[in-house]
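First the structure, in the form of C-alpha cells, and then the observations on it.
Nothing in this text is a laboratory measurement; each read-out follows from the coordinates by a stated rule. Only a predicted model underlies this, so the values are computations on that prediction, with no experimental measurement involved. Cβ coordinates were reconstructed from backbone atoms using ideal geometry, including for glycine residues, and neighbour counts include every protein chain displayed.
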Amino acid sequence: APQVGVGNGYLFNIGGAIGVSTQSSNPTFSAWFANYAYGFGAQNTTVIDGYLYRGATANSVDCGTGTGDTSCTLTLGVMNAGSSVNAPTISASAVVTTPILSVGGGSPVSHIAYDTTGDITPTAVPAQSCNDQTFTVNGLSQSDRLGSIQPPAGLGDLSMNGYSGAANTVTLHFCNVSATSVVPPAGPYMFLAMH
C-alpha cells in the first residue's frame, strides 16, 4: 500500500483509509489508530488536545479528549449528502445547536421554541361568532409562526388558532359554533413558535 514515513511510524492508505503503522513492509492498523483516528489541536501549536475516533457502533464517529469521551463541540458549515441513502444523521444525548436549520427543500429556520401566554383570562365569545383576543408574550417576534397551540383545558364548542400580530403579542382567534355565549378556559396557553 502507498505509505509515507513519519519518525518511527508510517502513514499508509488502504481503500481510502489513512492508517498509522510501524511495519513499512506489511502495514496494519496500530492500536493507537484504532483508538484515535485523528488528533487535533490549536493552530500553530504541537499539542494535541482532541481526537476524532470510531464510535461505539459501526459507521459512527465520536470526538473528545480521549477514548469514550464525547464531550467535544463540532462547529459545522454545511452538511450535504448525495442521496437519501447516505444522508447524514446527527444524534446527541444532550443538545444540538445550530444557527439555521434547513430540512429537505424547505425554508431555513433560525428559531424554534415552546412558549406560553402565562396565566390569562380570555373573555366570552358570543354565540355563533368569532373574536380576536390579544395577550402579551415577551420575546415573541412578529415573524414567528405559531403551531400546536394547547389550551389549559377543553374548548367545548369553541375552536381556536393563533398568530403573532405584533412584537411581544399573541392573538388568539376563538370561534363559537354554539347558540350560547362561551368563555374560553383561563390559564396558560402553550404553543410552538418558529421563524
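Given the conditions (1) surrounded by 14 or more Cβ atoms within 10 Å (Cβ to Cβ); (2) among the β-branched types (Val, Ile, Thr); (3) within 30 Å of Asp62 (Cβ to Cβ), report the number of the one that Thr97 does not fulfil.
(1)
Would you pick out the residues in segment 100-142 that are over 12 Å from Pro188 (Cα atoms), in a loop (DSSP other than H, G, I, E, B) and more than 32 Å from the chain's Cα centre (by Cα)?
Thr123, Ala124, Pro126, Ala127, Gln128
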